Amino acid sequence: MSELLYRWLQLKARAWLLMGRTEQAQSVFDAMVLRFADRSYPRASRAHLHALAGRQQAALADFDVLLRQHPEDAHIWFNKGYVLEQAERWHEALEAFRRAAELSPRLDRAWYGQGLVLIRLRRFGEAITALKRNTELQPMSPYGWYQLARAHVDSRQPDEAAKIIRHLKGFEPKVAAQLEREMGVLANEAA
């Protein structure tokens, strides 16, 4: 009976979300967390809704409970890092992203998150390392390349940024043009 109730509540919450009724979905997740405290899905979903609504402390509290239950779950560490980053708690965010990447080295978003935080902390050499790993894992995504170029410019390596711009012109010409405009780096400077 309890499994049937769990499935019914899960379906109900998803239906509310599909209709854009997040407050109703939040209420269902609250009830599920109380009744099914040992299950990750309700608490993780509630944490996500808290984060979307700007309730960062509530989201972080849910992620802390989840991490006590599942300390080796890279995705929970990543999500916690993301919320910490949004709260501008840079050092804690970096620690969470690093833990996520440790647990799942192929989790490209964890490397990207590290890169963004390291740029904020003005630790450009480390940011470049993290973002290079992100671009290895997601070579066709322009986001990592964009931030990698930014880190190179910030660390006074415009020739490396120019190489990235030339690379991006092959599959993301709009992003390459944006980088040229924003960073004042012309791809042919390094040629």
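Peptides 61-71, 103-113 ranked from most to least packed, by the mean per-residue count of other Cβ atoms within 10 Å: 103-113, 61-71. Computed from phi, the 3J(HN,Hα) profile of segment 74-87 under the Karplus parametrisation 6.51, -1.76, 1.60 (θ = phi - 60°) reads 4, 5, 5, 4, 4, 4, 4, x, 4, 5, 4, 5, 4, 7 Hz, with x in place of Gly and Pro. Modelled spin labels at Arg106 and Lys163, positioned 7 Å past Cα toward Cβ, are 2.7 nm from each other. Based on C-alpha pairs under 8 angstrom that are at least 6 apart in sequence, segment 1-105 has a relative contact order of 16 percent. Taking segment 106-141 and a reference point 7 angstrom along Cα→Cβ of Phe171, the backbone N atoms nearer than 13 Å belong to 135-141. Put a plus charge on the Cβ of each Lys and Arg, a minus charge on the Cβ of each Asp and Glu, and nothing anywhere else: the dipole of the chain about its Cα centre is then about 340 debye. What separates the Cα centres of segment 33-84 and segment 161-178 is a distance of 37 Å.
Note that segment 168-178 has calculated 3J(HN,Hα) couplings of 5, 4, x, 9, 9, x, 5, 5, 4, 5, 4 Hz, one per residue in order, obtained from phi through the Karplus relation 6.51 cos²θ - 1.76 cosθ + 1.60 (θ = phi - 60°); glycine and proline are x. Mean sequence separation of contacting Cα pairs (under 8 Å, at least six apart), scaled by the length of the chain, corresponds to a relative contact order of 9 percent.
Bear in mind these aren't lab numbers, they're just calculated from the coordinates by the rules spelled out. This is a predicted model, so every value here is computed, not measured. Positions of Cβ are backbone-derived with ideal geometry, glycine not excepted, and every protein chain shown enters the neighbour counts.
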